[in-house]
Amino acid sequence: MNKALQVKFGNIIFKNPVIAASGTFSLDFEQHFDLTQLGGICTKGLTLSPRTGNKGIRIWETASGIMNSVGLENKGIDLFIKNDLPILKKVRAKGTRIIANVSGSTIAEYLEGITLLAKAEVDMIELNISCPNIKGGGMSFGMTGQAARELVRQVRGLTLLPLVVKLTPNADNIVKVAQCCAEEGADGLSLVNTFNGMAIDIRSRKPVFDNIYAGLSGPAIKPIALRMVHEVCRNVKIPVMGMGGICNGRDALEFIMAGAACIQVGTANFINPLSCIRIIEEIDDFLRKEGIKSLDEIRGII
């Protein structure tokens, strides 16, 4: 592996900048390639208790993307630690970083879940603040700087694990939210999560999704996601994981040139299970052809 691909994210070294994004990747992918080739794996969004997810249609194809209304279906943190983590630890032993994505509907749920995961052998926590705050009237924790600040402050006090906060692009001011997270001790940020969207079945005259609105991802959102990553990187001093419609090496390099330390690949995994590997190879090929000895040479040059 080309050492030029190595990335330092805070105190964590990734063998390459490509991370499989939360909710789009599972251990089943090992039938397609050796998972240890990845820089990192971000787990499915984990909640304190198991969740069955949303009813009705969950995935809907759109022009240059997909919409999803999965609803954080997952087995819960206890079963993840018991069943999945032992397998992921074998991957981790070969240098692929394991990031636990954590979600919740109340601050108390987040805190209890983080307490359990803090004892597990993972490299990093990714705090998903795009979840509806039940006690806050259903508004996402990540919609305002104040809400994000309070959650990050309390989580930060529970664990010494590197803490990355995953930001929603639907926030009132994503730069302000990012700054608040940094001020409360976040070690890094990941952005962007999905954009709120809607689809209508014109034959039934009804919304496609039971929840009416759903999350849009894929190539369609890349230009907006890239702009948001650039804005955040210019306004915070902590490292950023960029994501949003990355499908090839060129896309990934754009995010790095915009300032991202590393990138996450999501929707592309549904299109081609080998997407992450292809992206690693294409970044490597670009660096070799351009005579670039470290991604630091091009990171944030825009």
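Below are the figures for this structure:
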quantity	calculated
Residue 117, sole failed condition from (1) surrounded by 17 or more Cβ atoms within 10 Å (Cβ to Cβ); (2) at pLDDT 95 or above	(2)
Answer residue from the stretch 143-193, given it is farther than 16 Å from residue 110 by Cβ, assigned to a helix (DSSP H, G or I) and of a type in the set (Gly, Ala, Ser) and is modelled with the lowest pLDDT among those	145
Single residue of 40, 71, 53 found to be buried (at least 22 other Cβ atoms within 10 Å of the Cβ) and within 26 Å of residue 104 (Cβ to Cβ)	40
Which listed residue is in contact (Cβ under 8 Å) with a residue 24 or more places away in the chain, at negative phi and touching a Leu at 6+ places or on another chain (Cβ under 7 Å), from 87, 57, 66	87
Qualifying residue in the stretch 200-216 (condition: over 20 Å from residue 300 (Cα atoms), outside any strand (DSSP E or B), touching a helix residue (DSSP H, G or I) at 6+ places or on another chain (Cβ under 8 Å) and small (Gly, Ala, Ser))	no
From 151, 127, 160, 111, residue being within 30 Å of residue 93 (Cα to Cα) and within 19 Å of the chain's Cα centre (by Cα)	127
The stretch 154-171, subset farther than 26 Å from residue 14 by Cα and out of contact with any strand residue (DSSP E or B) (no Cβ under 7 Å at 6 or more places or on another chain), residue surrounded by the fewest Cβ atoms within 10 Å (Cβ to Cβ)	154
Some residue of the stretch 262-281 being surrounded by 21 or more Cβ atoms within 10 Å (Cβ to Cβ), hydrophobic (A, V, I, L, M, F, W, C), in contact with a Pro (Cβ under 8 Å, 6 or more places away or on another chain) and part of a helix (DSSP H, G or I)	no
Index of the failed condition, residue 133 passing every other in (1) modelled with pLDDT of 95 or more; (2) touching a Ser or Thr at 6+ places or on another chain (Cβ under 8 Å); (3) not charged (D, E, K, R)	(1)
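The values are calculated or read from the model by the stated rules, or taken from the named source; none is laboratory data. Small disclaimer: the values here were computed from a predicted structure and weren't measured. So basically every Cβ, Gly included, is an ideal-geometry build from the backbone, and we count neighbours across all protein chains shown.
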